[in-house]
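Heads up: the structure comes next, in structure tokens.
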Amino acid sequence: MKSKITVNLPNDLDSAVSTLAKRLHLKRSDVVRMAVERFLIVYGEDEGKPYETVKCLIGSVSSGTPNLGEAHRKYLLEKIKKHA
């Protein structure tokens, strides 16, 4: 089932939507619909879930220390003593 929504756009945004629609040979409503879909993908369901925000970063950096997560206290104390 389709539903209708009315959106008031500032003149500059309306112009940009119209220009893009002409360039892509689409209706203005198609451009707006695509923009809303994209917005929901980026900011939709996963917003507020910290893991979803950083999951692409997990495991992407290596410290060179194989057990840093398990022995972080040991390494931290060594570093503090070294610089004290």
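The values are calculated or read from the model by the stated rules, or taken from the named source; none is laboratory data. Model, not experiment: these values are computed from the prediction. For neighbour counting, all protein chains shown are included, and Cβ atoms are generated from backbone atoms with ideal geometry for every residue, glycine included.
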- [ ] Could you list all residues from the range 43-84 that are under 18 Å from the mean Cα position of the chain (by Cα) and charged (D, E, K, R)?
- [x] Glu45, Asp46, Glu47, Lys49, Glu52, Lys55
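How many residues are within 22 Å of Leu9 (Cβ to Cβ) and surrounded by 11 or more Cβ atoms within 10 Å (Cβ to Cβ) if we restrict to the range 41-84? Outline the logic, then answer.
Step one: list which residues in the range 41-84 are within 22 Å of Leu9 (Cβ to Cβ), which gives 41-44.
If we keep only those that are surrounded by 11 or more Cβ atoms within 10 Å (Cβ to Cβ) too, we end up with none.
Of the residues in the range 41-84, 0 are within 22 Å of Leu9 (Cβ to Cβ) and surrounded by 11 or more Cβ atoms within 10 Å (Cβ to Cβ).
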Open item on the list: Exactly one of these conditions fails for Glu52: (1) modelled with pLDDT of 85 or more; (2) assigned to a helix (DSSP H, G or I). Give me its number.
Closed with: (1)
Task: Close pairs from the range 5-22: first of a type in the set (Val, Ile, Thr), partner in a loop (DSSP other than H, G, I, E, B), Cβ under 8 Å, at least 6 apart - done: Val17/Leu9
TODO: Answer yes or no: is there a residue in the range 15-24 that is in a helix (DSSP H, G or I), of a type in the set (D, E, K, R) and exposed (fewer than 11 other Cβ atoms within 10 Å of the Cβ).
DONE: yes
